[in-house]
Amino acid sequence: MPLAERGVTVIDLSADFRLNDAEVYHEFYGAEHPAPEWLPKAVYGLPEVRRDTIADATLIASPGCYPTSILLPTIPLLEAGLIDPGQIIADSLSGVSGAGRNASLPFLYVECNESLRPYGVPKHRHLSEIEQELGLANGSPVTVQFTPHLVPVNRGILTTLYLAPALGQADDFDQWASAVADCLAKRYADEPFVRITGSERLPDTKNVTGTNSIEIGWAADPRTKRLRVFSAEDNLVKGAGGQAVQSFNVRFGFNETAGLPI
């Protein structure tokens, strides 16, 4: 990290500095970490969660696309003690561009078109940062059941989260579901790139493609005592370069929406 060592602010789009533990990096990425001494110094670049620390950071690790779609809806609910941290299930569907630009046969569009398939199970690489950040929000480790799917669209991620009430809160399900809705609405009321759709209109990737916005909505199911929370984002913008620009704006004191028309 020669630039960071000289005091130059670095915003990294790779996965190298998203994790706090070099052993976890080795477990999920199958290689020794190239600069483990920098892991404690890196700031996880999710502006809606780490805005204050991003503002003073030298090394900012921009989050992955799947984690962004899962963490933004879930972190406030864990911090508020509203959901059971042992019962988090996430199903995500991603456009083909989520696999990057490498010429890999399974991810060529002609191979993906007219087909749907899960991949990266049971331990997709992004699961490492998802569990890390949810564990920090929860104050203790969190294990998530995460299944990514490849869908034949160019870009966009739609995530469905299956969440259960925290211990002791299932007796009055309607009150719990209302508290969840209130928590998310209040947390993101002033966030320029988070659009809360609630239960009136569920998220749709066509509404966020080409933008740095994420939509979050939900549907309560009294029959199963579960809440399904949905999010939609553009994996190439809010899930990648756009979020990095957002962190750049926070770090250098620009208007957070600069260069990122809503």
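Just one of (1) at pLDDT below 95; (2) more than 16 Å from the chain's Cα centre (by Cα) trips up R155, so point out which.
(2)
Restricting the stretch 232-260 to residues that are under 16 Å from the mean Cα position of the chain (by Cα) and of a type in the set (D, E), which is surrounded by the fewest Cβ atoms within 10 Å (Cβ to Cβ)?
Per the criteria, the residue is D234.
Identify, by number, the condition in (1) out of contact with any strand residue (DSSP E or B) (no Cβ under 6 Å at 6 or more places or on another chain); (2) under 23 Å from E256 (Cα atoms); (3) not in a loop (DSSP other than H, G, I, E, B) that I60 doesn't meet.
Every condition holds for I60 apart from (1).
I'd like the residue in the stretch 30-85 that is among the charged types (D, E, K, R) and buried (at least 18 other Cβ atoms within 10 Å of the Cβ) and, out of all such residues, is nearest to E191 (Cα to Cα). Full working, then the answer.
Residues of the stretch 30-85 among the charged types (D, E, K, R): 32, 37, 41, 48, 50-52, 56, 79, 84.
Filter once more, keeping what is buried (at least 18 other Cβ atoms within 10 Å of the Cβ): 48, 50.
Working: E48: 7, R50: 13 Å.
Among those that are among the charged types (D, E, K, R) and buried (at least 18 other Cβ atoms within 10 Å of the Cβ), it is E48.
Can you name the residue in the stretch 39-57 that is out of contact with any Lys or Arg (no Cβ under 7 Å at 6 or more places or on another chain) and in a loop (DSSP other than H, G, I, E, B) and is also farthest from P148 (Cα to Cα) among such residues?
Among them, the one singled out is D56.
Inspect the stretch 90-113 for any residue being at pLDDT 90 or above, loosely packed, with under 15 Cβ neighbours inside 10 Å and assigned to a loop (DSSP other than H, G, I, E, B) and give the result as yes or no.
No, the stretch 90-113 contains no residue that is at pLDDT 90 or above, loosely packed, with under 15 Cβ neighbours inside 10 Å and assigned to a loop (DSSP other than H, G, I, E, B).
Would you be able to say whether some residue in the stretch 238-260 is free of Cβ contacts under 8 Å to residues at least 12 places away in the same chain, assigned to a loop (DSSP other than H, G, I, E, B) and among the polar types (S, T, N, Q)?
yes
Here are D204, D174, D190: which of them is surrounded by fewer than 17 Cβ atoms within 10 Å (Cβ to Cβ) and either in contact with a Cys (Cβ under 6 Å, 6 or more places away or on another chain) or under 22 Å from Q87 (Cα atoms) (or both)?
On the way: D204 fails: either in contact with a Cys (Cβ under 6 Å, 6 or more places away or on another chain) or under 22 Å from Q87 (Cα atoms) (or both); D190 fails: either in contact with a Cys (Cβ under 6 Å, 6 or more places away or on another chain) or under 22 Å from Q87 (Cα atoms) (or both).
The unique qualifying residue is D174.
Return a yes/no flag: does the stretch 218-231 have any residue that is loosely packed, with under 13 Cβ neighbours inside 10 Å, in a loop (DSSP other than H, G, I, E, B) and in contact (Cβ under 8 Å) with a residue 12 or more places away in the chain.
Within the stretch 218-231, one or more residues are loosely packed, with under 13 Cβ neighbours inside 10 Å, in a loop (DSSP other than H, G, I, E, B) and in contact (Cβ under 8 Å) with a residue 12 or more places away in the chain.
When you scan the stretch 191-203, how many residues do you find that are out of contact with any Leu (no Cβ under 8 Å at 6 or more places or on another chain) and in contact (Cβ under 8 Å) with a residue 24 or more places away in the chain? Give the derivation first.
Going residue by residue through the stretch 191-203, those that are out of contact with any Leu (no Cβ under 8 Å at 6 or more places or on another chain) are 191-192, 195, 197-202.
Checking which are in contact (Cβ under 8 Å) with a residue 24 or more places away in the chain leaves us with 191-192, 202.
Residues meeting the conditions: 3.
Could you run through the stretch 161-217 and say how many residues are touching a Phe, Trp or Tyr at 6+ places or on another chain (Cβ under 6 Å), closer than 20 Å to Q243 by Cβ and not in a strand (DSSP E or B)?
Selection size over the stretch 161-217: 3.
Here are some residues: L13, L3, L19. Which one is surrounded by fewer than 18 Cβ atoms within 10 Å (Cβ to Cβ), hydrophobic (A, V, I, L, M, F, W, C), on the phi < 0 side of the Ramachandran plot and under 17 Å from the mean Cα position of the chain (by Cα)? Break it down stepwise before answering.
Numbers: L3 fails: under 17 Å from the mean Cα position of the chain (by Cα); L19 fails: surrounded by fewer than 18 Cβ atoms within 10 Å (Cβ to Cβ).
Just one listed residue meets the conditions, L13.
Say whether the condition of being among the charged types (D, E, K, R) and either in contact with a strand residue (DSSP E or B) (Cβ under 7 Å, 6 or more places away or on another chain) or part of a helix (DSSP H, G or I) (or both) is met by at least one residue in the stretch 73-87.
To start, the set of residues in the stretch 73-87 that are among the charged types (D, E, K, R) comprises 79, 84.
Add one more test, that the residue is either in contact with a strand residue (DSSP E or B) (Cβ under 7 Å, 6 or more places away or on another chain) or part of a helix (DSSP H, G or I) (or both), and what stays is 79, 84.
Taking every residue of the stretch 73-87 in turn, at least one turns out to be among the charged types (D, E, K, R) and either in contact with a strand residue (DSSP E or B) (Cβ under 7 Å, 6 or more places away or on another chain) or part of a helix (DSSP H, G or I) (or both).
The values are calculated or read from the model by the stated rules, or taken from the named source; none is laboratory data. All values reported here derive from a predicted model rather than from experimental measurement. With ideal geometry, Cβ positions are generated from the backbone for all residues, glycine too; neighbour counts draw on all protein chains shown.
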